[in-house]
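The values are calculated or read from the model by the stated rules, or taken from the named source; none is laboratory data. The model shown is predicted, which means the values in this text are computed figures rather than measured ones. Note that we place each Cβ from the backbone using ideal geometry, even for glycine, and neighbour counts take in every protein chain shown.
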Amino acid sequence: MTVPKSKERIVSLTQRNPHPSITSAMELSLSYLTANNIKPSMTLSEYAKFTGMELRQVQSDAERNYLPLLKRTISNRRELKRINMVAFYAIPVIEGFDAIEKRI
């Protein structure tokens, strides 16, 4: 039985790095952000402008934990909520490797 070419590529990709670490996903994400001149973190307002979404929708997504938010630097201090763009781009990379691993 022969393996289709697409499956061969998936197998060879996962054999090189069967369990990509979170660190490597974060590094890939950060290099993408740097190459495309995207800030590593954005306020909700900046993110709304960046994506073209309504600010209220972004606020709603943040409240529902749909967006990875940075933790506040000082817990009792009032700060603007900031989206962690590095994590935002790293999460799909990690999920992609998990999906490929499940298909093999």
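Only a single item in (1) at pLDDT below 90; (2) at positive phi; (3) of a type outside the set (Lys, Arg) is not met by GLY52, and it is number (1).
Among the criteria (1) part of a helix (DSSP H, G or I); (2) farther than 17 Å from GLU27 by Cβ, the one ASN76 does not fulfil is (1).
How about the stretch 34-58: which of its residues are crowded, with 16+ Cβ neighbours inside 10 Å and assigned to a helix (DSSP H, G or I)? Of everything in the stretch 34-58, those that are crowded, with 16+ Cβ neighbours inside 10 Å and assigned to a helix (DSSP H, G or I) turn out to be LEU44, GLU46, TYR47, ALA48, VAL58. I'd like to check something: does the stretch 67-74 contain any residue that is of a type outside the set (Val, Ile, Thr), touching a Leu at 6+ places or on another chain (Cβ under 7 Å) and at pLDDT 90 or above? So far as the stretch 67-74 goes, no, none of its residues is of a type outside the set (Val, Ile, Thr), touching a Leu at 6+ places or on another chain (Cβ under 7 Å) and at pLDDT 90 or above. Only one of the numbered conditions (1) more than 19 Å from GLU27 (Cβ to Cβ); (2) of a type in the set (Gly, Ala, Ser); (3) modelled with pLDDT under 95 is not met by ALA62, and that is (3).
Rundown of residues vs (1) without any contact (Cβ under 8 Å) to a residue 40 or more places away in the chain; (2) surrounded by 10 or more Cβ atoms within 10 Å (Cβ to Cβ), yes/no style:
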{"residue": "PRO68", "(1), (2)": "yes, yes"}
{"residue": "THR73", "(1), (2)": "yes, no"}
{"residue": "GLU79", "(1), (2)": "yes, yes"}
{"residue": "ARG82", "(1), (2)": "no, yes"}
{"residue": "VAL86", "(1), (2)": "no, yes"}
{"residue": "ALA90", "(1), (2)": "no, yes"}
{"residue": "ILE94", "(1), (2)": "no, yes"}
{"residue": "PHE97", "(1), (2)": "no, yes"}
{"residue": "ILE100", "(1), (2)": "no, yes"}
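Scan the stretch 79-86 and tell me whether some residue there is at pLDDT 90 or above, among the hydrophobic types (A, V, I, L, M, F, W, C) and closer than 30 Å to ARG103 by Cβ. Before you say what the answer is, go through the steps one by one.
In the first step, residues of the stretch 79-86 are kept if they are at pLDDT 90 or above; the result is 80-86.
Still in the list and also among the hydrophobic types (A, V, I, L, M, F, W, C): 80, 83, 85-86.
Those left that are additionally closer than 30 Å to ARG103 by Cβ: 85-86.
So far as the stretch 79-86 goes, yes, one or more of its residues are at pLDDT 90 or above, among the hydrophobic types (A, V, I, L, M, F, W, C) and closer than 30 Å to ARG103 by Cβ.
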